[in-house]
Number of protein chains: 2
Amino acid sequence: MTKKILKFGGTSVGSIERIRHAAKIVQKEFNDGNSLIVVVSAMAGRTNDLLKKSYEISQNFDKKELDILLSSGEMETIALMTGALNNLGIKAKSWLSWQIPILTQGEPTNSRIINIGTEKINEYLKKGGVAVVPGFQGVSETFNLKTIGRGGSDATAVAIAKIFNMDCCEIYTDVDGVFSTDPNKIPVAKKIDKISYEEMLELSSLGAKVMQPSAVQTAMMYKIPLHVKSTFSEREGTRIFSEENIDYSKVVTGVAYSKDEAKITLQGVEDKPGVAAEIFEPLSKNQINIDMVIQNVSSDGKKTDLTFTIKRNDLSKSLEIIKKNKKINYMSLSHNEKVSKISAVGAGMITTPGVTYEMFRALAEEKINILAISTSEIKISLIIDESNTVRAIKKLHKSFKLD
Amino acid sequence: MTKKILKFGGTSVGSIERIRHAAKIVQKEFNDGNSLIVVVSAMAGRTNDLLKKSYEISQNFDKKELDILLSSGEMETIALMTGALNNLGIKAKSWLSWQIPILTQGEPTNSRIINIGTEKINEYLKKGGVAVVPGFQGVSETFNLKTIGRGGSDATAVAIAKIFNMDCCEIYTDVDGVFSTDPNKIPVAKKIDKISYEEMLELSSLGAKVMQPSAVQTAMMYKIPLHVKSTFSEREGTRIFSEENIDYSKVVTGVAYSKDEAKITLQGVEDKPGVAAEIFEPLSKNQINIDMVIQNVSSDGKKTDLTFTIKRNDLSKSLEIIKKNKKINYMSLSHNEKVSKISAVGAGMITTPGVTYEMFRALAEEKINILAISTSEIKISLIIDESNTVRAIKKLHKSFKLD
């Protein structure tokens, strides 16, 4: 008997027909003799609908009340899913987050799961029932409803897998799995069969929307095997697990990109300790997220150039803050708001030298200029002109033999 | 300081605009220095939408899960209402039924409120806050969500009024109050300013959909003054209280009717004890509700005629059951599926003789034949041919000086 989490995202429970279909997937797993906890998101569109309503009432809607409002979305789906399972003759029961309880800590709309009661659900599983649980929510220690941020149903699924010591966690979604790059833009994109947590983490942070990064991180910490698959096809999906289980025949696993980037360069900044901190402090205080930071070694040891990237819609605010900042001296301030970030991710990079060179050579062949570079152990990110995005991805996808 | 319940029905919170409008009514009451508990229904259409979804999954949807599904409707409105109040600068907080708790007993989808926790909300009221509470729901003693039947938000409002010892309970709805008859059909219908619980009970049982009968009954038992008024106008509405507060200048307060009736007559039934029971037992076991029952005194002491009315859509099933019933003997079985029930209600009837005669005379003038009659202390109900309904109501409305 395998103990499994089956998690269905919003599109997988987006209509009554789809809920019935998802229930049949649960039925198959149940008939295979598995012990199951089902985690569901709100029906596709419902969370946005509720958010819109709150926004129409006030652009500053009370966040505690927003937690209650949004929690109603998954309450609808747990009941419908359980009803659909009952209708298939399967013993099933839904559990509200406060009944389990799923304990959370932190701010309204942005809490995190700190513990989950196991007694009642384990008893029910032992009796051969399927437990259906809402994603995305929990209760504080004073039993107020809290949500854990958009995409939080993945985090719920992984946290339950961890605390209930489940054998694996299956994430049902509307795509066949994790792809080597965006299949909507680059038709040669291929589904990845196996990927390490670290690679998945880089890819999901870089915009592959298949799984929420913090859920991947939790799965990695507790070595919970994940299996991302489509609700709507019989394909195998993508298995996510520890590096040691993966055969690195390919150096690069995937190529991700994000288009809504902007680049700011401060030329002729004083090259002395504490300058970067003085530049970034007021930006971070204004909730502006700095992504890549590149600082050249100064030729004369006195002045240097500092380049960093931010989300495009933070650009004008960032420039304003820098201009107002009296603590820093620089020669000139320039920016480019039409850039994109291309990242090659692969755990094989660690042991294979020359990946960076390979990437530069490939883009040089396409005459694509690289505006900034940042590398980590399993990732190389480049900033290029936005107009070159698709061409660059296609070239890299081919060069790294992902086609 | 007056302690008030303000209850808003589905149409009163049917859109964001309407929720904002309802919040302004609360604001006015709050600024008048009243201590307030606000009870809300689900947004108009939402409960039906959820029911439809459950029905699409299974016509035999699990009732425990249905309770969870339907409870999500009011969860949405308490959060939106509270957000709207906060937005007007009013200190407000929503409470889920299990947080209060609103304790219920009984079957899923048909429980009743047996107790309500007062400590937390009273503390909050003392601090000057407005408590916002979901109608229609509660939790069992084992803390499973339960609903209390359609229209149950009225029952919630009255139960809270009783247990919190509130001074009055205001029911905001989409009509100006209780009318002397259906204003959509009979334009001369007049709004009733004051009505006794007993009269209201008869009228609401008879199809005046303004208030749920069991809520009126609870209010009557505990003498909680009710005030039914429109969310959308400034008119005074209808006050419902004990008879002693009412001046009975009019004998009849209102004329109600219901069109979906059918009549069955068994002629030549043996006139001996237990016969009626044998006729009705199999009907009631099949959930068929018997309304009026009329049995004539038999002329010879041996045979009698028995007439009774039922809902029209129970007719064919009822006839089938009677035909199958081997325990009863009768000469002939007849039915009329095109009848309607007209009822005149008025606490003044108790002290005013001749109301029945007045009613018969009025209908005779209109040449309307009376098919069956049933009377109680404050009500006279007649069965007539359906085609005469509007003409009969107009005539009675005029005869009893309600125009």
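Just so it is clear, none of the values below were taken in a lab; they were calculated from the coordinates. Computed from a predicted structure; not experimentally measured. FYI the Cβ positions are ideal-geometry reconstructions off the backbone, even for glycines, and counts take in every protein chain you see.
Just a few scattered comments:
- Using R0 = 30 Å, the C-beta based FRET efficiency linking A:Glu234 and B:Asn60 works out to 0.50.
- Its DSSP H runs of at least 4 residues, each contributing -39,500 (n - 2.57), put the calculated 222 nm mean residue ellipticity of the protein assembly as shown at -10500 deg cm²/dmol, to the nearest 500.
- Beta bridges per DSSP, both residues in segment B:3-174: antiparallel share near 30 percent.
- Scoring A:209-222, A:252-265 by mean Cβ neighbours within 10 Å over their residues and listing the highest first yields A:252-265, A:209-222.
- Chain A: angle of helix A:46-57 to the longest principal axis, Cα-based, in degrees nearest 10: 70
- Taking every Cα-Cα distance in chain A and sorting them into 20 Å bins from zero, the calculated P(r) comes out as 25, 50, 23, 2 percent.
- Axis of helix B:355-365 versus longest Cα principal axis of chain B: the two differ by about 70°, to the nearest ten degrees.
- The Kirkwood radius of segment A:255-399, taken over pairs of alpha-carbon atoms, gives through the Stokes-Einstein law at 4 °C and 1.567 mPa s a diffusion coefficient of 80 µm² s⁻¹.
- Under 28 Å, Cα to Cα: Lys pairs in segment A:327-401, sequence gap 8 or more or different chains: 20
- Dividing the C-alpha radius of gyration of segment A:3-174 by 2.2 N^0.38 Å, with N its residue count, gives 0.98.
- Between A:Ser111, A:Ser180, A:Ser332, the Gaussian network model of chain A with springs among Cα atoms under 10 angstrom shows the greatest mean-square fluctuation at A:Ser332.
- In order through segment A:387-402: 3J(HN,Hα) via Karplus (6.51 cos²θ - 1.76 cosθ + 1.60), integer Hz, x for Gly, Pro: 5, 8, 3, 5, 4, 5, 5, 4, 5, 5, 4, 6, 4, 8, 6, 8
- In percent, rounded to a whole number, the relative contact order of chain B is 14, using alpha-carbon pairs under 8 Å and six or more apart.
- Shown for segment A:101-256 is the translational diffusion coefficient from the Stokes-Einstein equation, using the Kirkwood radius over Cα pairs, a temperature of 10 °C and a viscosity of 1.306 mPa s: 96 µm²/s.
- Computed over segment B:317-403: relative contact order in percent, which uses C-alpha pairs under 8 Å that are six or more apart: 34
- Ordering of B:230-237, B:387-394 by packing [mean C-beta count within 10 Å, highest first]: B:387-394, B:230-237
- By the count of neighbouring beta-carbon atoms within 10 Å, fewest first, A:Lys323, A:Lys24 end up ordered A:Lys323, A:Lys24.
- Per-residue mean of foreign Cβ neighbours for A:50-56 is 4 (Cβ atoms of other chains, 10 Å radius).
- When B:Tyr55, B:Tyr357 are sorted by how many other C-beta atoms sit within 10 angstrom of their C-beta, beginning with the fewest, the order is B:Tyr357, B:Tyr55.
- Taking the square roots of 5 times each eigenvalue of the Cα gyration tensor of the protein assembly as shown, largest first, gives ellipsoid semi-axes of 67, 32, 22 Å.
- Peptide B:81-91, shielding by other chains (average Cβ, 10 Å cutoff): 4
- Against chain A, whose longest principal axis comes from its Cα atoms, helix A:315-324 is set at around 50 degrees.
- In plain terms, the residue of B:Glu107, A:Glu358 with the fewest other Cβ atoms within 10 Å comes first and the most crowded comes last, giving B:Glu107, A:Glu358.
- Qualifying lysines (Cα of each under 23 Å from Cα of A:Lys326; at least 8 residues distant if same chain): A:Lys263, A:Lys272, A:Lys285, A:Lys302, A:Lys303, A:Lys317
- Residue by residue along B:18-28, Cβ atoms of other protein chains within 10 Å of the local Cβ number 1 on average.
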